[in-house]
1. Put a dot 7 Å past each Cα toward the Cβ at N632 and A197; how far apart are the dots in nm?
2. Mind ranking 169-177, 501-509, 855-863, 243-251 by how tightly packed they are, going by the mean number of other C-beta atoms within 10 angstrom, highest first?
3. How much length is gained if the chain between R741 and D701 is pulled fully straight, taking 0.36 nm per residue apart and subtracting their Cα-Cα distance, in nm to one decimal?
4. My understanding is that a pair violates if its Cα-Cα distance is over 29 Å; which of K109/K502; K330/K849; K63/K502; K502/K704; K63/K849; K109/K599 do that in this structure?
5. Set Lys and Arg Cβ to +1 and Asp and Glu Cβ to -1, take the dipole of the chain about its Cα centre, and tell me which of F252, A367, N579 lies farthest positive.
6. Give a quick list of chymotrypsin sites (Phe, Trp or Tyr not before Pro) in the stretch 680-784 that DSSP marks as loop, anything other than H, G, I, E or B, with at most 16 other Cβ atoms within 10 Å.
7. How high is the FRET efficiency from D214 to S97, r the C-beta distance, R0 45 Å, rounded to 0.05?
8. In whole Hz, with x marking every Gly and Pro, tabulate ³J(HN,Hα) for the stretch 542-547 from phi via Karplus 6.51 cos²θ - 1.76 cosθ + 1.60, θ = phi - 60°.
Amino acid sequence: MRKSLPPMLTASTLVLSLGVAAAFAQTTLPAQTTEYRGNLWFVELSGAPTASGNSLTNVRAEKTAFRREAAAAGIKYTERRSFDVLFNGFSIEVSASERKRIAGLQGVKAMYPVEVIQAPSPEMLGGGAAQDMATAIAMTGANVAQTAGWSGAGVKVAVLDTGIDIDHPDFGGNGTNGSTPFPTARVTHGWDFVGDAFNADPSSPSYDPTPVPDANPDDCGGHGTHVAGIIGANGTINGVAPGVTFGAYRVFGCSGSTTADIMVAAMERALADGMHVLNMSIGSAFQWPQYPTAQAADRLVDRGVVVVASIGNSGANGLFAAGAPGLGQKVIGTASFDNTAVTLSQFTVSPDNKAIGYSTMTGSVAAPTAGSLPMARTGTTSSTADACNPLPANSLKNKAALIRRGTCGFSVKAANAQAAGAKAVVIYNNSAGRFSGTIAGSGVTIPTVQISDTEGALINGRLAAGAVTMTWQSGVGSFPNPTGNLISSFSSYGLSPDLALKPDVGAPGGLIYSTYPLEQGGFATLSGTSMASPHVAGIAALVRQAQPATPAQSMRTLLQNNADPKPWFGNPGLGYLDNVHRQGAGMADAPGAIGATVKVTPSSLSLGESAAGPQTRRLTLENSAGAAVTYNLSYVNALSTGANTFSPSFNLSDATVTFSTPSVTVPARSNRAAVDVTVTAASGPVGGQYGGYIVLTNAADPTKVLRVPFAGYIGDYQARQVLVPTSFGFPLVGKATSCVRVIDFECINGSFVIPSASFAYTMTDVYNAPSFLVHFDHHARRMRLEAVDASGKTWGWILDEEYLPRNSTSTGFFSFGWDGTTFSGMGKTGFQRSPVPNGRYVVKLSVLKALGDESNPAHWENWTSPSITIARP
C-alpha cells in the first residue's frame, strides 16, 4: 500500500513552542508546488494489464472481484476511471480511512496518489523569429536530415498536452480562430478529455474539477501548440519533422492543472488511435519509475509506440529531481540545451551603435521603437548596482537605468529607478545567458527590459569610460546566446531514485521560437524541457520514416549511440564534459541516428552503487551494413557531483574503464559481436554521482563515433540519510494552526506549532490532532508509522506508504496527520480500523531507504516520537 506526498509539497510555516511560541524562518513554497490530492488514488490490481499480455476477460474479472469485495466490506469510494490496457486498476476518490482499508483487500497490489499536475509553465521570452527554430534544428542536424529528404511523412505523432490550435496555418488551418473543422489533414486524431474550464487544483480561484470532454482538442492554453510546432510545423515555422500528422490529446483546460489518471486515459486513447510516437512535455518531479504514468508509458513502448517525455525543469532543486513519466524504464527522458541564437527586439548604444538584444519584462509597458536616452549606472558596488535600496532623488532623471539582476525582486529595482526619475530600466543578468522576469502588479509605468550578462557587462564598461546613449530600434536582430549548446539551467538532474541513468538524451529547449495559438499572437519564444522533448519526438519521426522497421524499443538506442556530449555549463572552456546524470547521452544527432547501420546495446549503463565493487557489463554490437566494421574502444569521464542533493558541487572523476579487447570487429549483414567492459567507480566524493562515456571509434573513419553513457553512485547507497533533522530538528510532532485545505486529518500547505509535552490532543479535527512533520532528504522506498502505548503495547499502524519522494528544498517538510485510529489485519474486508483509547502514546517512524532490503535492519532509519496525550472529550 502507498500514499506518497507530492514531490514539491512543503508546509509553509513552522512555529516552535518551548514554553512560549518562537517563530522559525518561513519555508517558502516553490512556485511550481502542486497541492497534494489526498482523496484521489490509483488502485493497482495484481494481474498484468492487457498491454502486458493478460486477457481482457481476466482483467475485467479482477475489477469485478474488487468491486464485490469492497462492497461486502462496506468500503465507500467513488470510481473515477477504470483502466484495462496500460494499467490494470482504477482511479478512485476515497477518504483516508477507507483508502487504508482498500489497501488490504485481496487482489490489491499497490495504491498510488493521483498527482495533481500543474500545466507546464516554461519561461516565456519576448521577440523571436523563425530563424530561431532554424538554429535549434541545426544544433541536432535535423536540417541536414530534411535536406536529405526526410520529413516524417507517414508518421503519426501524438501530443499529450493542452491541445493544438487547429486553425493555425502552420498546421494547415484556415487562419481564423474557430473556422477550421476538426479533424484536419494534419491534425487527424485527438480528443479533449477536460474542456476549457477544467482545473484540478483546489487552491486555485478557478478550481473546477469536473471534466467536460468533447471531440475537438483545440488549444486555448498555448503550450501544446508550441510543442506541436517544434515537432512538425510547416509554414512560417519549419519544425523538426514537418511532414508528420498529429494526434492531439488535450488534458488541460485553458489554465490550471490536470490529474495523472487523465494522463493515463489519454495514453490509452493514443494507443487505440494507432499513434507511432507520443510526446509528453509534462510530468511530476521527484517521482519514482514505479508511478502509474511511467508504468503506462513503458507499456506503450512495448506495444510499439515511441514515448518521449520531458525530464523536468527542477534544475534549481538539485540532484535526484527527474520526473515521471520521463523516469520510465523504456521512456526517452529528455534534457534541455540552450539555443545557440535568439531573435530579439533591439536598441543600440553609442559610440558605435552596437546592437543590444532585449526582451520586455512581463507586466512592463511596451518599449518604444524610436528615440534616445542617456544611460546611467545605479552604482558600482553590490549594494548599489542591484538598485535594491531607494536611490537619490532625480539621480536618474530622464535616463535609462542599467541595473544588475540579483538580491531583490525586479519590481523593487524598477520602482526605485522610476522614483529616481528614470525613463527606462535595463536589467542585465548576473549569470551566464538570458533570463525572463516579471514586474507584473508593480505599478511601474516605464519600459523595463532584460538583457544578457555579456551585454550588461559591455554597457557597464562603456559607462565606466564615459557617456553612453541608447537608441530604441524598430526592427529585430539575431543575437548569439552565451549559453548556446550548453545544458539549460532549469534542466533537471538525475539519477533516478533506483539509480537508473536519467535523463537519456538532450535537445534544444532553451529559447525556442514556435507556433502559439492565433488568439495569443500566433508565435512565441518559450524555454523548458517541454521544448526539448518534442524536438526529440520529431527526430524519432524522421528516424521512423527513414527506418520504418525500427522497433520502438530500439529508438532510444539509436538516439543515445549517436548523441554528442556537451561541455560543462559552468565553464565550457575547461573542456570537461557535463554530468551524464544531467545531459544523458548528450545532444541528439538526427543524421547519425537516421544513418546508423551499427547499434550498441545496452545503449546506457546504470552501474548502481560503487560499494558493490567494479561492474562488468557486456556490450553487443549489431551491424546491418554490407561490410564488416572495426571499432577501437576507449572512454572519457564526465564531471561528478558531490553528496549534497540541494547544492550540487562539481568534481573531476577518476573512474576507469577496461575492455576485454581493445577493438572489436562486427561482421556484415546483421551479424553481432560483443565486448565486456569493466567500470571502476570514481573514488569520491562519497555520496556523489559519477559518469562518463564508452567511446567506439570507427577504425577506418575516426569521424564516425558511437557512444554508451555510464553512471553510478559513489559509495554505499543505503548509507544515504533520509531523515535529516535540518535546522528545525525534524522529525517533530506538531499541531496545525492553519491549512490551505484539509482532507480528513491531512493539513495541506499548513502552518504548525510544536505543543509542550503536557499538551493533550482532543482529536476533534485536524487542528486538535497531532501531525508528524518529517524532512525527507532523499527518496524513501517505504515509510511506516506505528502507535505504541505507555505499557509498550503496539496498537497497529497509522500509515504505511511506498515510493515516497524527497522534499524539493533542504528545509522543506511533509506533514502526516493522525486521526487517533490505527489499522491491522487484512483479507476480504481489508485492513481493519480501530480508534486507540485515550491515553499516552509514542509513535514509531520507520523509513526504508531507496533500493533497501526490508529484511536488513541497517537499511531502515527509525525515530520514536515524544509522548503524545490523547484526551477526547
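The values are calculated or read from the model by the stated rules, or taken from the named source; none is laboratory data. If you're wondering where the values come from, they're calculated on a predicted model, not measured in any experiment. Methodologically, a virtual Cβ is constructed for each residue, glycine included, from the backbone with ideal geometry; neighbour enumeration extends over all protein chains shown. For the accessible areas, the whole protein counts, side chains as well, though only heavy atoms, and no ligand, DNA or RNA atoms are used. Shrake-Rupley method; radii C 1.70, N 1.55, O 1.52, S 1.80 Å.
1. Reported label-point gap for A197 and N632 is 6.9 nm.
2. The most tightly packed comes first, giving 501-509, 243-251, 169-177, 855-863.
3. Working it through step by step, the gained length comes to 8.1 nm.
4. Checking Cα-Cα distances, K63/K502; K63/K849; K109/K599 exceed 29 Å.
5. Positive-most Cα among the choices belongs to N579.
6. F759
7. The calculated FRET efficiency here is 0.80.
8. Karplus-based 3J(HN,Hα) across the stretch 542-547 equals 4, 5, 5, 5, 6, 10 Hz.
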